[in-house]
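A.B. asks: Below you will find the structure I want to go over with you.
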2 protein chains.
Amino acid sequence: MRPKDLEKEEAIRAIALKIIAEEGLENLSMQKLAKEANISPRTIYIKYENKEDLLIKLFIDEVLGTYEKAVLEGFDEAMDFETGVRKMWLNTFRYFKSNRQAYVLMQYGKSSPLLNKAFKERNIKEGQFFAPVHRFLKQNAKARIIKNFPNEVHRALIFSPLLDLINEYFEYKDRPKQIITEKVILECCEAIIKGIKL
Amino acid sequence: MRPKDLEKEEAIRAIALKIIAEEGLENLSMQKLAKEANISPRTIYIKYENKEDLLIKLFIDEVLGTYEKAVLEGFDEAMDFETGVRKMWLNTFRYFKSNRQAYVLMQYGKSSPLLNKAFKERNIKEGQFFAPVHRFLKQNAKARIIKNFPNEVHRALIFSPLLDLINEYFEYKDRPKQIITEKVILECCEAIIKGIKL
DNA sequence: TTTTTAAGTAAACAAACGTTTACTTACTTA
DNA sequence: TAAGTAAGTAAACGTTTGTTTACTTAAAAA
């Protein structure tokens, strides 16, 4: 049997992400994707059921899965609060800095009903994404180190400013002066920690 | 001359927002929109140049323009920092609470290259959106009331957690218990203020 | 009341869409 | 080395896309 060409599989994913980041999710078509990857449209259907399946797998596995790994690298839920948050902030910043395409699709995941639904279903079926982070926050709330908010609120307070700052980083990428440096990120991290601590 | 039917114009906008919020920007088509609005596709082209023009005007005028008005209602850039931020947080929360469709399209604006570009061009052509807020932040930084970050950083720190919390509000809207109440929003606002103040 | 004119419609356009059919290629295994 | 088989291709399927053409409607202006 002829084996699957992994290079082609990778090309499909890479070029799909590229089109989404450069032209938008609403302008990704199977034919355009096939053409840019120099393959037949049929080939995509060997690897993915249909367009929705491709988008969902890109979003869940390629984007969120890879991001989860990156955030948790060197993180331990037993770390003290400040160290843990700083670690995750730096991991997130460094990961997305060199993965803008993943960042864009992740952002689309917050708007697109299809990706939203897929995210919820995946959390139910295979356990929550970022589970160690959830436990970390719960522990610290229980230990009265941080304010006693629901986990979703903690997540919003701690991580959404960071994701917004990463967007600003991309805005300044091709300009003479980058204002979002690692130093600024760490200063912002301190501000967030100060705000959330009891 | 036969006058433009304003009800039809309003229907186009309302139903476009509805489709975007329920099925996603990537599933909005002119024919679907016309059908659901009970008009001919041609009628849309009397009021808008093309699909992109419709999307951009929806995003800039209907969503951002209306949101800007709502945020600034009762806000004065001369307010002291805490009062001003609290005012804007409550205005934002109350506005989007009853305008989920506007919220969804605003979120799409952070991903979609088309809307992103339109936003930047509009800021250059007609002056920045949320200009009073920018001046408010600059003043407070200059007066050493808050940390001396670039304005974009202040904006990320202060407003992105709020927008994320509004998303959580919608997630809990049809569940037995709403966790994102006005009380929680105000507590989060205090946390943010505490973090950013010098 | 009649004329004028833009608003609005129904139907259609070519192009692009997601997907499939019919066929060829290339690698495994017997 | 030959047979078997899934991977891969080129071309096409029927639909839907954004947009336009040709026509009708309705209200302001004369």
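What follows draws every value from the coordinates through simple rules; no lab data is involved. On a predicted model such as this, the values are computed, not experimentally measured, just so you know. Don't worry about glycine lacking a Cβ; one is built from the backbone with ideal geometry, like all the others, and counts go over all protein chains shown.
A.B. asks: Let me spell out the model: positive unit charges on the Cβ of Lys and Arg, negative unit charges on the Cβ of Asp and Glu, origin at the Cα centre of the protein assembly as shown. What dipole size does that give, in debye rounded to 20?
C.D. replies: Working: 68 positive and 58 negative charges, 65 e Å.
In total the dipole reaches around 320 debye.
A.B. asks: Could you tell me which residue out of A:L72, A:V104, A:A11 lies farthest along the dipole of the protein assembly as shown toward its positive end? Charges go on the beta carbon: Lys and Arg +1, Asp and Glu -1, centred on the Cα centre.
C.D. replies: A:L72
A.B. asks: Tell me what the protein assembly as shown gives for mean residue ellipticity at 222 nm when only DSSP H runs of n ≥ 4 count, each as -39,500 (n - 2.57), the sum divided by the residue total, rounded to 500 deg cm²/dmol.
C.D. replies: Details: 22 runs with 274 residues, N = 396.
Using -39500 (n - 2.57) per qualifying helix, the result is -21500 deg cm²/dmol.
A.B. asks: Put a point 7 Å out from Cα along the line to Cβ at B:K138; what are the distances to that point in the other copies, in nm, shortest first?
C.D. replies: 4.7
A.B. asks: At what distance in angstrom do the alpha carbon centres of region B:13-53 and region B:86-108 lie from each other?
C.D. replies: 22 Å
A.B. asks: May I ask which residue of chain A has the beta-carbon nearest to the axis carrying chain A onto chain B, and at what distance in whole Å?
C.D. replies: A:G195, 1
A.B. asks: At what distance in nm do the modelled label points of B:N27 and A:K194 sit from each other, each positioned 7 Å from its Cα along Cα→Cβ?
C.D. replies: 4.6 nm
A.B. asks: While we're on this one: How far apart are the B:Y45 label points across copies, placing each 7 Å from Cα toward Cβ, in nm, shortest first?
C.D. replies: Going from nearest to farthest copy, the values are 3.2 nm.
A.B. asks: Could you name the aspartates and glutamates whose alpha carbon sits less than 16 Å from that of B:K177, not counting residues in the same chain fewer than 8 places away?
C.D. replies: A:E152, B:E168
A.B. asks: Note down the magnitude of the dipole of region B:112-194 about its Cα centre, charges +1 on Lys and Arg C-beta and -1 on Asp and Glu C-beta and zero elsewhere, to the nearest 20 debye. If you can, show how the numbers build up before the last one.
C.D. replies: Details: 15 positive and 10 negative charges, 91 e Å.
Value, rounded to 20: 440 debye.
A.B. asks: I would also like to ask the following. Once you average over the residues of A:19-31, how many Cβ atoms of partner chains fall within 10 Å of each Cβ? Walk me through the numbers on the way to the answer.
C.D. replies: Numbers: counts 0, 2, 2, 1, 3, 9, 7, 12, 4, 1, 0, 0, 0.
Partner-chain Cβ atoms within 10 Å, mean over residues of A:19-31: 3.
A.B. asks: Work out the FRET efficiency for A:N38 and A:R2 from their Cβ-Cβ distance, taking R0 = 25 Å, and round it to the nearest 0.05.
C.D. replies: 0.85
A.B. asks: For region B:30-177, what does the relative contact order come out to in percent, with C-alpha contacts under 8 Å and a separation of six or more? Kindly include the intermediate steps, with their values, before the conclusion.
C.D. replies: Details: 83 pairs, mean separation 32.9, N = 148.
Dividing the mean separation by the residue count of region B:30-177 yields 22 percent.
A.B. asks: Next question, about the same structure. Going by average Cβ density within 10 Å per residue, which order do the peptides A:131-137, B:119-125 take, highest to lowest?
C.D. replies: Numbers: A:131-137: 18.7, B:119-125: 12.4.
In decreasing order of mean packing, A:131-137, B:119-125 become A:131-137, B:119-125.
A.B. asks: Given charges of +1 on the Cβ of Lys and Arg and -1 on the Cβ of Asp and Glu, with all other atoms neutral, how large is the dipole of chain B about its Cα centre, in debye to the nearest 20? All intermediate terms of the calculation are to be shown ahead of the outcome.
C.D. replies: On the way: 34 positive and 29 negative charges, 57 e Å.
Here the size comes out at about 280 debye.
A.B. asks: Return the Cα extents of chain B along principal axes one, two and three, sorted largest first, each rounded to a whole Å.
C.D. replies: 58, 46, 30
A.B. asks: Across peptide A:160-169, what mean number of C-beta atoms from other chains lies inside 10 Å of a residue's C-beta?
C.D. replies: That works out to 6 on average.
A.B. asks: Per-residue mean of other chain beta-carbon atoms within 10 angstrom of the beta-carbon, peptide A:109-120? Don't skip to the answer; put the middle values down first.
C.D. replies: Numbers: counts 1, 8, 16, 9, 9, 4, 1, 3, 0, 0, 0, 1.
Taking the mean over all residues of the peptide, I get 4.
A.B. asks: Separate question: Calculate how steeply helix A:182-196 sits against the longest principal axis of the alpha-carbon atoms of chain A, using the helix alpha-carbon long axis, and give the answer as 0 to 90 degrees to the nearest 10.
C.D. replies: With rounding to tens, the tilt is 60 degrees.
A.B. asks: Still on this structure, please answer the following. Step through the residues of region A:164-172 one at a time and calculate ³J(HN,Hα) from phi using the Karplus curve (6.51 cos²θ - 1.76 cosθ + 1.60, θ = phi - 60°), rounding each to whole Hz and writing x for Gly and Pro.
C.D. replies: Taking θ as phi minus 60°, the curve returns 5, 5, 5, 4, 4, 3, 5, 4, 9 Hz for region A:164-172.
A.B. asks: Ok, one more. I'd like to know which of B:L55, B:I124, B:F93 lies farthest towards the positive end of the charge dipole of chain B, counting +1 on Cβ of Lys and Arg and -1 on Cβ of Asp and Glu.
C.D. replies: B:I124
A.B. asks: Something else about it: Run through the other copies and list how far each one's label point is from that of B:T83, in nm with one decimal, shortest first; the point sits 7 Å from Cα along Cα-Cβ.
C.D. replies: Shortest to longest, the spacings are 4.5 nm.
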